[in-house]
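The values are calculated or read from the model by the stated rules, or taken from the named source; none is laboratory data. Here the structure is a predicted model, which means the values were calculated and not measured. Backbone-built Cβ (ideal geometry, glycine too); neighbour counts: all protein chains shown. All accessible areas refer to the heavy atoms of the entire protein, side chains included, with ligands and DNA or RNA removed. Shrake-Rupley method; radii C 1.70, N 1.55, O 1.52, S 1.80 Å.
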Amino acid sequence: STEESTETAPSTDCSTDTTTNTTKQASSSAEPSFADAKPTLTHYAITRLTNLNHLAHCITQNVDGLHRRSGLPRSRHSILHGCVFTEKCETCSTEYFRDFDVGGLSFQTTGRICIHCHGQLRDTVLDWEDELPEEDWSMAQVQCDQADLVITLGTSLRIEPAGSLPLRAKQFVIVNLQPTPYDGNAAFAI
């Protein structure tokens, strides 16, 4: 489940959870991996709308890194549940977005060192009991509070506290295959 919200640009905001496209493996028994996932047209459209300042901010709970792979700037993107391709320095907080799964869960050291301060790098993927990353969570709330419109794409809106973020906007729209707990609150649901 992913959500996109607003930034300081226009009053069009977006909330999204996009489906991961995975490349079929040569063998039917091979497990798909995050490394095989490719951004969809939706990911690229979100990036384009953000670059044109029609979309202020993207909030995601997905850990697949597809928004970043589509070129979405990190400064316009709140990543609430971490990313399998991102490790972060425990000392200076520098993030490294890799082209491989960095391994780990719940902020474990990855065995790599920060090139800036030589601090230990840690994975960023949350486990169920982990707190949301403060900076990303705060930005997500601010963006939704400022949003004239939040558009949620492909999310059940059932994972809290992120699921209720769209309620903070002036109005929101839901685009999802199944009903959500907030369909009745939305300006409209598709």
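Could you give each residue of the range 134-141 its phi-based ³J(HN,Hα) in whole Hz, using Karplus coefficients 6.51, -1.76, 1.60 with θ = phi - 60°, and x for Gly or Pro?
So the Karplus estimates, Gly and Pro as x, are 4, 5, 5, 5, 4, 4, 4, 5 Hz.
Report the per residue volume, in Å³, of the convex hull enclosing the C-alpha atoms of the range 121-190. Before the final figure, lay out the partial values.
Details: hull volume 6.9 nm³, N = 70.
Roughly 99 Å³ of hull volume per residue.
What figure in square angstrom, to the nearest 10, would you give for the accessible area of residue 33 with a 1.4 Å probe?
Counting only protein heavy atoms, residue 33 exposes about 50 Å² to solvent.
For the range 63-100, state which GluC sites (Glu not before Pro) are in a DSSP loop and have at most 16 other beta carbons lying within 10 Å of their beta carbon.
Passing sites in the range 63-100 are 90.
Each label point is 7 Å from the Cα along the Cα-to-Cβ direction; what then is the distance between the points at residue 127 and residue 101, in nm?
My value for the distance between the label points is 1.7 nm.
Scan around residue 83 for amide H atoms under 5 Å from its own, H built in the peptide plane at 1.01 Å from N, and keep only partners 5 or more places away or cross-chain.
Close amide H contacts, sequence-distant or interchain: 124, 125.
What is the range 33-181's relative contact order, in percent, from Cα pairs under 8 angstrom and six or more apart in sequence?
16 percent
Amide H to amide H under 5 Å from residue 77: which residues, 5+ apart in sequence or cross-chain, H placed 1.01 Å off N in plane?
58
Pulled fully out, how much extra length does the chain show between residue 91 and residue 53, if you take 0.36 nm times their separation in residues and subtract their Cα-Cα distance?
10.4 nm
Could you go through the range 79-88 in sequence order and give the Karplus-derived ³J(HN,Hα) for each residue, using 6.51 cos²θ - 1.76 cosθ + 1.60 with θ = phi - 60°, rounded to whole Hz, and x for Gly and Pro?
These are the phi-based 3J(HN,Hα) values: 10, 7, 10, x, 8, 5, 9, 10, 10, 10 Hz.
Using a 1.4 Å probe and counting only protein heavy atoms, arrange 124, 91 so the residue with the most accessible area comes first.
Numbers: 124 20, 91 95 Å².
I get 91, 124, largest accessible area first.
At 7 Å along the Cα-to-beta-carbon direction for both residue 31 and residue 120, put a label point, then send me their distance in nm to one decimal.
Calculated label separation equals 2.5 nm.
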